[in-house]
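Remarks on the structure that follows.
Here, each number is a calculation from the coordinates, and none is a lab measurement. Here the structure is a predicted model, which means the values were calculated and not measured. Glycine also receives a Cβ, built like all others from the backbone with ideal geometry; neighbour counts cover every protein chain displayed.
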Amino acid sequence: MSTAIGTGSAVEGPRERLSVMPLRRVLGEVRRGGPLGFLDSAGRRARGSITRLNLGPFRPFLVTHPRHLEHILRTHAGNYPRGAAMWAALGRLTGDGIGGEGAQWQASREILQPAFSARYLTAMSEQMITSIAGAVDDLDARVGPGRPVDAGLEMTRLVQRVINPVFFGNLVPDEEGDRLGAAIATAMGSLLWRMAMPFVPHRVPLPGDRAFHRSTRTVNEILRPVITAARVGDREGQDVVTRLLNGAGPDGTPLTDEQICDDIVALFVAGSESSAIALTWVWVAMLQNPHVAERVREEVDRVVGGGRPEREHIRRLTYTHQVLNEVLRVYSVGWAVPRMAIEDDVIDGVPIPGGSTLVISPYLTHRLEDVWERPEEFDPDRFTRERVRARHPLAYLPFGDGGHQCIGQHFFSQEASLIVATILSRYEVTLRNAPVEPKLSLTLQPRTPVELEFTPR
Ligand code: HEM
């Protein structure tokens, strides 16, 4: 067996160049194991080679090997923008700024990036800690022995409380922030049909259309007055709304209210649900691996002690961060990252016609046997500094890579470590419904609601 991919940048290619998965095999695998069973089987057969999936009228290339990812996301990124047809529907909700491509995207990215830099987030950590402590105080009233709660709902609440000050400063009360998050989640869910059938014209009604219009009305009702109020304010805050107000588009003119709204919604869409699901997986993974949970708890006790976490604890929670990394390896919430080839190209000897869709799958890259030893095993020690350095940089990409790499990765890492530390320093946590299996949707989600029991320590 070749091990070259696992040893730094000397990357050996896959055994075959191109494999093809015919429609009858695709259908057979979906019938047997559902969409996730199909994905697993496609990954096992491909073993890193580029695979053409025959899904009827839609024939994307599935790409998983780090060397091929480097070609698409780094060295030839100009030929591979976002823009796969299925994503066009989402554009109705998120606009053409940070959720898009081209000059407007670039302008939004430049405005927003400083609000998510490690440096700024460190400065914001006190506020994050206070938001999390407040949200965990609220949780206190609902939990106790024999009173399990739905982890997905609770993690969503926590994530929204953390987002609120960073996005809106003090402009939106928590309850309105929760209502906004819920409306955006509904709008996104209601687009599933449009994403699955991008060829259906908008004048033809599809399920979800009404819910989409209702929830986007709610989003506007909440956001527009906030933007109007911020416009006439002193505009000195560092929150996302103020930064967008003070920023400019590619032609140097200020962003319109609609563009600001779109960028805020795009940030919610990209950051809120993914973080809540990832945090839900954190509890599942820890509690299904008690030796890991024990090590995390021991670290939290040693670093944080009995009180509230503090800013300087964040970087000292090294094992906790390794666990977060391993969770995102095994449970890659963003399991697919689509791209579109503009012009004909050749990747590692495989011709890619212009106009093709390519689906990069971090979920499958994170399971390549030539890169990861015993990939099915949950082992946070894969993320010690030395072992990370020894791997190809594109062997691990839960937050994507290249120009569109996730803007919120430090945000997630900081909020997640603080949430885990705050909860573990106050409660014993148990999982009531193990084992929890994943299912494939727009994101990789738990198949059933995750029930957690919190017992005060
Ligand atoms: C566990 C949590 C998260 C995961 C797994 C995740 C995953 C990803 C991935 C895979 C991409 C790349 C998409 C592409 O290349 O097309 C991405 C982009 C993005 N993410 Fe995240 N994300 C997470 C959290 C967040 C958070 C907390 C925020 C903001 C608050 C955020 C905001 C964004 C934005 C704005 C983009 C688009 C960046 C661009 O196109 O320039 N994400 N994310």
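The table below gives the values:
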item	result
Mean separation of Cα contacts under 8 Å, 6 or more apart, over the residue count of region 111-216: relative contact order %	21
Rg ratio (alpha-carbon, reference 2.2 N^0.38 Å) - the chain	0.98
Proximal charge balance of G181 [Cβ under 13 Å; K/R count +1, D/E count -1]	-2
Helical segments meeting 30 Å axial Cα length and Kyte-Doolittle -1.0 threshold in the chain (DSSP H)	209-232, 257-288
Unit charges on C-beta of K, R, D, E only; dipole of region 4-456, Debye	1260
Coil-residue trypsin sites (Lys or Arg not before Pro) of region 194-265, DSSP, other Cβ within 10 Å capped at 11	R203
Relative contact order of region 4-456, pairs being alpha-carbon contacts under 8 Å that are 6 or more residues apart, as %	25
Charge context of R161, other residues only, Cβ under 9 angstrom, K/R +1, D/E -1	-2
Which of V136, V20, V143 has the fewest Cβ neighbours within 10 Å, and the rest in rising order	V20, V143, V136
Paramagnetic reach from D140 in region 419-457 [backbone N under 12 Å; point 7 Å along Cα→Cβ]	426-427, 456-457
Contact order normalised by residue count of region 31-128, Cα under 8 Å, 6+ apart, percent	11
Region 149-264 pair-distance distribution - Cα-Cα, 10 Å bins, rounded %	12, 36, 31, 18, 2
Neighbour net charge for H71 - beta-carbon separation under 13 angstrom, K R +1, D E -1	-1
Coil-residue GluC sites (Glu not before Pro) of region 346-431, DSSP, other Cβ within 10 Å capped at 13	E373, E376, E377
